[in-house]
1. I'd like to check something: does segment A:50-59 contain any residue that is part of a strand (DSSP E or B) and open to solvent by less than 70 Å² (accessible area, probe 1.4 Å)?
2. Which residue is farthest from the chain's Cα centre (by Cα), if the candidates are limited to segment B:17-27 and must be open to solvent by less than 40 Å² (accessible area, probe 1.4 Å) and over 18 Å from B:A56 (Cβ atoms)?
3. Has segment B:66-76 got at least one residue that is over 24 Å from A:C90 (Cβ atoms), modelled with pLDDT of 90 or more and over 15 Å from the mean Cα position of the chain (by Cα)?
4. Would you please name the residue that is surrounded by the most Cβ atoms within 10 Å (Cβ to Cβ), looking only at residues in segment A:33-47 that are assigned to a loop (DSSP other than H, G, I, E, B) and without any contact (Cβ under 8 Å) to a residue 40 or more places away in the chain?
5. One residue is enough: does segment A:73-94 have a residue meeting the conditions part of a strand (DSSP E or B), of a type in the set (D, E, K, R), within 13 Å of chain B (Cβ to nearest Cβ) and touching a Gly at 6+ places or on another chain (Cβ under 9 Å)?
6. Just to verify a result, which residue in segment B:95-112, among those that are open to solvent by less than 60 Å² (accessible area, probe 1.4 Å) and within 13 Å of the chain's Cα centre (by Cα), is farthest from the other protein chains (Cβ to nearest Cβ)?
7. Of all residues in segment A:98-116, which are modelled with pLDDT under 80, open to solvent by 30 Å² or more (accessible area, probe 1.4 Å) and within 13 Å of chain B (Cβ to nearest Cβ)?
Amino acid sequence: GESVGLHLPTLSVQEGDNSIINCAYSNSASDYFIWYKQESGKGPQFIIDIRSNMDKRQGQRVTVLLNKTVKHLSLQIAATQPGDSAVYFCAENMRMESYNTDKLIFGTGTRLQVFP
Amino acid sequence: NAGVTQTPKFRVLKTGQSMTLLCAQDMNHEYMYWYRQDPGMGLRLIHYSVGEGTTAKGEVPDGYNVSRLKKQNFLLGLESAAPSQTSVYFCASSLRRGTGNEKLFFGSGTQLSVL
């Protein structure tokens with residue numbers, strides 16, 4: 001089916017450690033993937049994106065890895081800080097040829113908790 | 001630069017009442033969207049617009065109507081609110097789709113409770 005899921009609903013890490021948030025997608029037609037961060041009471045905020053012709057993309061303290069063979073996406077956060085505590089969503093952009101448009105499908109989210 | 005602004009932030013309705021949620025963006029984006037967010041279900045697309053004067057249905061359009069009379073504004077209407085419409089509503093916009101412009105910018109949300 002067309003779904004984006006997350007392996008771990010809650011992830012607890014110690015401040016300073018690296019965090020890895022995983023996401024599985026099921027549609028091989030998806031060509032673009034995005035990670036969003038949502039803090040309590042706020043809207044989702046863009047973190048990083050990656051196209052299907054790439055395996056890895058790095059940002060500031062964040063890295064996204066894409067494994068198309070197993071349809072897996074991960075977000076790595078280096079030196080996790082208390083301010084990283086939030087819910088993280090992955091989203092896949094799926095082409096809908098019949099409507100000449102595309103569709104962004106969101107996962108249900110993983111909560112990252114950072115403790116001192 | 002305010003980005004995407006939603007009003008109101010909170011609202012409580014009685015079943016059968018109507019209301020309109022307003023979304024405004026100042027980034028000159030072509031595309032605008034309304035999502036609802038429910039626990040354990042992620043973000044689901046209600047309606048979207050690819051430009052001024054256009055609207056289209058998303059995944060869960062029933063019970064909602066939208067209008068895009070001006071490029072910067074996207075209105076979401078509930079004609080007869082039902083308890084099932086209790087949710088957090090997010091508006092988003094994007095420059096356009098394709099060639100790296102799929103990135104959505106979200107508003108801060110409207111928490112709606114229907115009693």
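The values are calculated or read from the model by the stated rules, or taken from the named source; none is laboratory data. What you see is a predicted model; the values in this text were computed from it and never measured. Backbone-built Cβ (ideal geometry, glycine too); neighbour counts: all protein chains shown. The area values use the complete protein model at the heavy-atom level, side chains included, leaving out ligands, DNA and RNA. Shrake-Rupley method; radii C 1.70, N 1.55, O 1.52, S 1.80 Å.
1. From segment A:50-59, those part of a strand (DSSP E or B) are A:50-51, A:56-58; that's our starting set.
Checking which are open to solvent by less than 70 Å² (accessible area, probe 1.4 Å) leaves us with A:50-51.
Yes, segment A:50-59 has at least one match.
2. Kept after step one, since they are open to solvent by less than 40 Å² (accessible area, probe 1.4 Å), are these residues of segment B:17-27: B:19, B:21, B:23-25.
Subsequent filtering for residues that are over 18 Å from B:A56 (Cβ atoms) retains B:19, B:24.
Values: B:M19: 13, B:A24: 10 Å.
In this case the residue turns out to be B:M19.
3. First, the residues of segment B:66-76 that are over 24 Å from A:C90 (Cβ atoms): B:66-76.
Going one step further and asking which of them are modelled with pLDDT of 90 or more, we end up with B:66-76.
With the extra rule that they be over 15 Å from the mean Cα position of the chain (by Cα), the set shrinks to none.
Within segment B:66-76, not a single residue is over 24 Å from A:C90 (Cβ atoms), modelled with pLDDT of 90 or more and over 15 Å from the mean Cα position of the chain (by Cα).
4. Filtering segment A:33-47 for residues assigned to a loop (DSSP other than H, G, I, E, B) gives A:39-44.
Narrowing further to those that are without any contact (Cβ under 8 Å) to a residue 40 or more places away in the chain: A:41-43.
Details: A:G41: 10, A:K42: 14, A:G43: 23.
In this case the residue turns out to be A:G43.
5. To start, the set of residues in segment A:73-94 that are part of a strand (DSSP E or B) comprises A:73-77, A:86-94.
Subsequent filtering for residues that are of a type in the set (D, E, K, R) retains A:92.
Cutting the leftovers down to within 13 Å of chain B (Cβ to nearest Cβ) gives us A:92.
Going one step further and asking which of them are touching a Gly at 6+ places or on another chain (Cβ under 9 Å), we end up with A:92.
Looking for residues that are part of a strand (DSSP E or B), of a type in the set (D, E, K, R), within 13 Å of chain B (Cβ to nearest Cβ) and touching a Gly at 6+ places or on another chain (Cβ under 9 Å), one finds at least one in segment A:73-94, hence yes.
6. Of everything passing the filter in segment B:95-112, B:L112 is farthest from the other protein chains (Cβ to nearest Cβ).
7. Let us first name the residues in segment A:98-116 that are modelled with pLDDT under 80, namely A:98-103.
Okay, now just the ones that are also open to solvent by 30 Å² or more (accessible area, probe 1.4 Å), so A:98-100, A:103.
Across segment A:98-116, the qualifying residues are A:Y99, A:N100, A:K103.
Here's the yes/no breakdown for (1) open to solvent by 70 Å² or more (accessible area, probe 1.4 Å); (2) within 13 Å of another protein chain (Cβ to nearest Cβ):
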position: B:F10; (1), (2): yes, yes
position: B:K14; (1), (2): yes, no
position: B:H29; (1), (2): no, no
position: B:Q37; (1), (2): no, yes
position: B:A56; (1), (2): no, yes
position: B:R68; (1), (2): no, no
position: B:L75; (1), (2): no, no
position: B:E79; (1), (2): yes, no
